[in-house]
Amino acid sequence: MSSRFFTYIAGNTGSWRISRIHALSGEGLESADRMDIRHDSIVDLPLGARWMLRGVSSNARYVTRQEQSDLAALQASLGRPEATCAALILISKSAQWWDLAQDVRRDILETQSAHIAIGFKYLPAIARRLHHSRDLGEPYDFVTWFEYAPAHEPDFEMLLSTLRATPEWGYVEREIDIRLRREAEKTTREKQ
């Protein structure tokens, strides 16, 4: 399998502890204690899992060349030891959104809503990876994974509230916000 595929598996095992699953709009998800992230596309629900979400990281679809270059320069990597907080945001947009031409969606996303510009304000503190799920037949169009240090939790809340107040969010039909925590890695001295 290509490393562009990711599967998020919720159940009783995994390196991330689920602290909250909140459906903001649309149907929710069954509660689970932990989440495992696999870098492949798993088809069958693993034994003991409650649910799973699949997505593929793809080319950037709405950014200009300059925005893409700026994002690459500022975006922090995932898996930083201090980034022990995470969020998995699941989004499905309306048929009306998908019926719009690509340039019209870009206009709503950036010109009207400043989605990309808003995100720039929170780099590099908040790292993210966007997955496209719509073409895989998944129940969500986008699955976005965010990681940040506990000190940046208020920043992450501000990022979400700002995005949710934009015209773009008028096209969101289903949104689930899953929050997770990972134990901080112990220092060398603590391990001894």
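All of the numbers you see were taken from the coordinates with simple rules; none came from a lab. Bear in mind that the values here come from a model prediction, so they are computed numbers and not experimental data. For neighbour counting, all protein chains shown are included, and Cβ atoms are generated from backbone atoms with ideal geometry for every residue, glycine included.
Backbone amide hydrogens, once placed in the peptide plane, bring W16 within less than 5 Å of M35, excluding anything fewer than 5 places away on its chain. Compute the FRET efficiency between W51 and L123 as 1/(1 + (r/R0)^6), taking r as their Cβ-Cβ distance and R0 = 30 Å, and round to the nearest 0.05. About 0.50, to the nearest 0.05.
Taking the Cα atoms only, what angle lies between the long axis of helix 65-74 and the longest principal axis of the chain, rounded to 10 degrees? It works out to around 20 degrees. Using a 10 angstrom cutoff on alpha carbons, build the Gaussian network for the chain and name the most mobile of D155, D70, D44. Of the options given, D44 has the highest mean-square fluctuation. Radius of gyration over Kirkwood radius for the chain, both on Cα atoms: the Rg/Rh ratio is 0.96. Only helices enter the 222 nm calculation for the chain: every DSSP H run of n ≥ 4 contributes -39,500 (n - 2.57), and dividing by all residues gives -5500 deg cm²/dmol, rounded to 500.
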